[in-house]
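Enquirer: Pasting a structure here, questions to come.
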Amino acid sequence: MRKGQKDSIIELVELLKKAQEHIKQLLIQQEYAPVFDLLQQCQQGAIQVGTIIEQSEGEKGVSVVKLLEEYCEFVFRMYELVQDGMSQADGDIKVSTGADCVFGEMNRLLAEVEESVRNNIEIRKEVVFLPYKAAMWDSLESVWVAADADPECDAYVVPIPYFDKNPDGSAKEVHYEADLYPDYVPITHYDDYNIPQRRPDMIFIHNPYDEANYITSVHPFFYSKNLKQYTDELVYIPYFVLGEVDLEDEKAVEYVEHFAQVPGVVHAHKVIVQSEAMRRVYINAMTKLAGKQTKSYWEEKILGLGSPKFDKAVKTKKEDIKVPDEWLHIIEKSNGEWKKIVFYNTSVSALLEHSEKMLDKMRDVFQIFKENKDDVALLWRPHPLIRATIESMRPQLWQGYCELVEEYRAEGWGIYDDTSDMNRAIALCDGYYGDPSSVVQLCKEAGKPVLLQDVDVMEMEE
């Protein structure tokens with residue numbers, strides 16, 4: 001049973017006790033009319049308590065439900081006693097002895113109900129995870145695994161819909177990626193989980209932007225500023241990891257402020273970031289935004305407990321991965337040995353910053369790896385938000401990018417990975433090459449060498 005449900009039951013029992021005392025006083029004062037309404041309310045209250053217990057506890061709550069049924073029978077007996085007394089000619093209710101006995105039984109039963117609820121009904125937590133992009137599920141997965149394994153916790157994964165935005169901010173294509181999560185993750189449809197009604201003890205989110213995202217948006221109901229009213233603890237965990245920052249490096253700190261000063265950090269009850277050093281950066285950024293007097297508030301709210309993305313990257317092992325057949329014919333040499341695999345990552349920010357020049361750099365990279373395809377397998381995994389971003393913010397670049405993708409895929413000498421499982425690419429690769437991004441930190445955590453590309457260096461032109 002949920003803590004809120006248990007507290008509500010105990011409150012209802014206390015109200016029933018007070019109602020009974022009030023009934024006694026009314027009978028002494030011979031104010032009979034209100035007695036019937038109060039007795040009816042007592043019966044309704046008992047039925048309400050029984051329904052909560054029955055729905056929450058099932059067979060385990062049968063004994064308490066029986067006590068409540070017996071209580072309702074005594075309430076009815078009291079009703080009859082009062083009614084019989086009022087029917088006497090002199091109008092005086094001469095049922096004091098009978099009423100005292102019934103009141104005694106009613107009090108006894110309520111005491112037994114309260115004792116049983118307090119001592120025998122265990123409190124269970126209900127935790128819900130609200131990911132939106134399946135590719136970002138790794139930022140929540142290890143927390144869900146722990147919650148799901150807790151015998152005193154009910155954990156639900158409820159993927160939520162999101163939509164791309166047009167350049168004018170209006171909604172465009174809607175996405176719902178529930179079918180892209182790992183098979184071992186049980187999915188609950190968002191229509192089947194009524195958040196305001198269920199009021200989970202904790203809600204975990206990894207989308208912090210609310211209406212401030214110009215590229216995509218979750219449905220406004222799932223904005224952090226709305227969700228916080230339906231739970232005791234809204235927890236935000238970033239869907240990304242960042243390079244660790246020196247607090248003395250003003251330029252680096254300013255860059256992180258962009259990620260810290262977002263609605264999710266403002267509205268969440270707790271914020272979990274990747275390290276204690278990053279926690280200090282977030283605290284300073286939010287104190288700068290909200291004022292020096294708020295520092296202690298951010299210190300209590302923001303926790304440097306680590307990122308689940310690191311957990312997933314380290315846990316995913318090459319030997320546990322089922323490699324798609326279409327990848328194997330690119331990875332394997334003629335003698336059956338594997339080539340070296342390079343994870344090539346292209347980011348949204350690089351395309352936005354360099355536009356056509358970035359496309360030229362990618363063509364250059366593809367040409368080099370194509371010429372060395374007998375020894376090296378290129379695994380190209382573009383950022384999952386590239387399409388939505390380029391279509392919205394650089395629509396004139398989209399056609400050229402699409403042509404590059406189609407050409408690469410059609411030639412078939414390299415792997416194109418647009419799946420939701422980034423950690424498979426990290427585990428399979430022998431090294432990382434590409435743009436600066438959160439993937440760099442994950443590869444380092446997994447012990448993979450990293451080389452960053454320079455858009456100004458074109459090997460084929462030398």
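Enquirer: Counting other C-beta atoms within 10 Å, which of Lys333, Lys361 has the fewest, and how do the rest follow?
Expert: With the sparsest Cβ surroundings first, the list reads Lys333, Lys361.
Enquirer: Given points 7 Å out from each Cα along the Cα-Cβ axis, report the Cys153 to Ser56 separation in nanometres with one decimal.
Expert: Between Cys153 and Ser56, the simple spin-label model gives 2.0 nm.
Enquirer: Which FRET efficiency value, to the nearest 0.05, is calculated for His269 and Ser334 with the Förster distance at 56 angstrom and r the Cβ-Cβ distance?
Expert: 0.45
Enquirer: With a 10 Å Cβ neighbour count serving as the proxy for reagent exposure, in which order, fewest first, do Met393, Met278, Met1 appear?
Expert: Met393, Met1, Met278
Enquirer: While we're looking at this one, here's another question. Pulled fully out, how much extra length does the chain show between Met458 and Phe240, if you take 0.36 nm times their separation in residues and subtract their Cα-Cα distance?
Expert: Full-extension gain reported as 75.6 nm.
Enquirer: How far apart, in nm, are the 7 Å Cα→Cβ label points at Asp374 and Arg199?
Expert: It is 7.0 nm.
Enquirer: Taking the Cα centre of each part, how many Å lie between the range 302-356 and the range 33-87?
Expert: That distance is 63 Å.
Enquirer: Can you put His206, His189 in order of Cβ neighbours within 10 angstrom, beginning with the fewest?
Expert: Least crowded to most crowded, the residues run His189, His206.
Enquirer: Same structure, new question: Show me the ranking of peptides 314-320, 426-432 by mean Cβ neighbours inside 10 Å, starting with the highest.
Expert: 426-432, 314-320
Enquirer: Here's another thing I want to ask about it. Taking a virtual spin label 7 Å from the Cα of Lys172 along the C-beta vector, which residues in the range 191-232 bring their backbone nitrogen under 13 Å of it?
Expert: 214-217
Enquirer: Would you calculate, for the chain, the mean residue ellipticity at 222 nm contributed by helices, counting each DSSP H stretch of 4 or more residues as -39,500 (n - 2.57) and dividing by all residues, to the nearest 500?
Expert: It lands at -16000 deg cm²/dmol.
Enquirer: Another question, then. Rounded to the nearest 0.05, what FRET efficiency do His258 and Cys101 have when you use their Cβ-Cβ distance and R0 = 56 Å?
Expert: Once the sixth-power term is evaluated, E becomes 0.15.
Enquirer: For the chain, take the longest principal axis of its alpha carbons; what is the angle in degrees between that and the long axis of helix 356-371, to the nearest 10 within 0 to 90?
Expert: Helix 356-371 sits roughly 70 degrees off the main axis of the chain.
Enquirer: Under a Cβ-only charge scheme (Lys and Arg +1, Asp and Glu -1), can you give me the dipole magnitude of the chain about the Cα centre, in debye to the nearest 20?
Expert: Rounded to the nearest 20 debye, it is 700 debye.
Enquirer: A further question on this structure: Let me know the Rg and Dmax you get for the range 353-423 when you use only its Cα atoms, in Å.
Expert: 12.7, 38
Enquirer: For the charge dipole of the chain, defined by +1 on Lys and Arg C-beta atoms and -1 on Asp and Glu C-beta atoms about the Cα centroid, which residue among Val314, Gln29, Ser217 has the Cα displaced farthest towards the positive pole?
Expert: About the Cα centre, the residue reaching furthest to the positive side is Gln29.
Enquirer: Further question: Please compute the modelled spin-label separation between Gln83 and Glu250, points set 7 Å along Cα→Cβ, answer in nm with one decimal.
Expert: 8.4 nm
Enquirer: Ok, one more. Mind listing the Cα extents of the range 3-120 along all three principal axes, in Å, largest one first?
Expert: The principal-axis extents, from largest down, are 50, 20, 18 Å.
Enquirer: Please compare each pair in Lys251/Lys318; Lys133/Lys315; Lys133/Lys312; Lys270/Lys309; Lys6/Lys60; Lys18/Lys66 to a cut-off of 26 Å on the Cα-Cα distance and tell me which ones are over it.
Expert: Beyond 26 Å between Cα atoms: Lys251/Lys318.
Enquirer: Next question, about the same structure. Please report Rg over Rh for the range 320-461, where both radii come from the alpha carbon positions and Rh follows the Kirkwood definition.
Expert: Taking Rh as the inverse mean 1/r over Cα pairs, Rg/Rh reads 0.95.
Enquirer: Principal axis extents for the chain, Cα atoms only, whole Å, descending order, please.
Expert: 116, 55, 39
Enquirer: Go through Gln40, Ala134, Val102 and say which Cα lies farthest out towards the positive end of the charge dipole of the range 1-137; charges sit on Cβ, +1 for Lys and Arg, -1 for Asp and Glu.
Expert: Checking the options against the dipole of the range 1-137, the answer is Ala134.
Quick note: the coordinates plus some simple rules give every number you see, no bench work behind them. What you see is a predicted model, and the numbers here were worked out from it, not measured in a lab. Cβ atoms come from the backbone with ideal geometry, glycine included; neighbour counts cover every protein chain shown.
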